[in-house]
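Undergrad: So that we are looking at the same thing, I have put the structure below in structure tokens.
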Amino acid sequence: MSTRTFWDLTMEIDRGDRIAPPPSPEKSRLWIGVVAAVAGALGLAVVVAPEFGDFLRREAYTAANAVGAPTPADEFAPVYARLEMEPLRARLVASPKISTQLAKLLREPCDKRAITALAEALIAEGEERVAARSFGGFAAACPDSAMEKGRAGELFLRIGDADTALKIADALISEQPIYADFHYLRARALFAAKRYDAAIGEYKTTIELFHDRAKVHERVFVDLANAYVAVGKPCDAAFTLFSWIALDPPRRGTPGARKRVEEYGALGCRKLPAFDEPKGL
């Protein structure tokens, strides 16, 4: 009669079915050391000066990331929840430029400089969508954050998410209908979505919202001209850029600017505007 216990049988099955080899004692000790370092640093961060705590936190995450050890998922959980974003990977949190700003936002949730620095650091890491979401979450949680919401829209537009950029622009315009920059964001989002006729209207609104049209950047007029080209109106495109030149002919009537007018006209406009006869939009 066998004297093997259920525990003996279980251990035997485990040895036969285990896919990965058991961790070596050295690796186990390394992981334990890393986890202990993370826990110790995060614990000290609570009781010491915030700046020293930030340093310890960065060191702990860097060590964890180096060996692939897990990091405390709830360290910046309040920040992630407030910004409506997924927890960042350890590789990102290990960066001082990111962890420092997360720590600041943990202490001061509506710190505008911190959210801007965090977004810039994320963009530098190639995480533009995450940066956009962080701006959007910040704007939703903090008062007087229209600029941050606008930056979210710009980033979504930059990564090709015209629909999200358009939704943000619509929300901004409903809050501040006479702010030209928000109409310009909406115009570009509409253009990116290939809604060219609607984009033309928004570009015109952007220009009209300036009391002094001479202060409108050339880029707005060029974008409007390109929208006209997209709907098959090269003459309107040529006259649009000409109207920008006519606002200050001595400075803007350069050979390069005149050449661009001619290029628009060459797309199918029989009569180009004369540079000595200023025309409006």
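The values are calculated or read from the model by the stated rules, or taken from the named source; none is laboratory data. Please read these numbers as outputs of a predicted model, since none were measured by experiment. Here the Cβ positions follow ideal geometry from the backbone for every residue, glycine too, while neighbour counts run over all protein chains shown. With ligands, DNA and RNA removed, areas are computed over all heavy atoms of the protein, side chains included. Shrake-Rupley method; radii C 1.70, N 1.55, O 1.52, S 1.80 Å.
Undergrad: Which whole-number percent is the relative contact order of the stretch 181-244 (Cα, under 8 Å, 6+ apart)?
TA: Once normalised by length, the contact order is 28 percent.
Undergrad: Determine the principal axes of the Cα atoms in the stretch 160-202, then give the extent along each, sorted from largest to smallest and rounded to whole angstroms.
TA: That gives 25, 20, 12 Å along the principal axes, largest extent first.
Undergrad: Could you tell me whether the stretch 210-276 comes out rounded, prolate or oblate from its Cα gyration tensor? Rule is a ≥ b ≥ c as square roots of the eigenvalues, rounded for a/c under 1.5, then prolate if a/b exceeds b/c, otherwise oblate.
TA: oblate
Undergrad: Assign unit charges at the C-beta atoms only (+1 for Lys and Arg, -1 for Asp and Glu), then state the dipole size of the stretch 153-281 relative to its Cα centre in Debye, rounded to the nearest 20.
TA: 400 debye
Undergrad: Full extension from K259 to R113: what is 0.36 nm times the residue separation minus their Cα-Cα distance, to one decimal in nm?
TA: Contour length minus the Cα-Cα distance gives 48.3 nm.
Undergrad: In nm, to one decimal, how far is the modelled label at A214 from the one at A124, with both set 7 Å along Cα→Cβ?
TA: Computed distance between label sites A214 and A124 equals 4.0 nm.
Undergrad: Taking a probe of 1.4 Å, how large is the accessible area per residue of the stretch 90-181, in Å²?
TA: Heavy-atom accessible area per residue stands at 47 Å².
Undergrad: Obtain the nm distance between the two label points defined at I178 and I159 by a simple spin-label model: each point lies 7 Å from its Cα along the Cα-to-C-beta direction.
TA: 3.5 nm
Undergrad: Pop out the carbon and sulfur fraction of the accessible area of the stretch 173-241 as a percent, whole number, probe 1.4 Å.
TA: 52 percent
Undergrad: Ok, one more. Can you order the peptides 176-183, 134-141, 255-262 by their average number of other Cβ atoms within 10 Å per residue, highest first?
TA: 134-141, 176-183, 255-262
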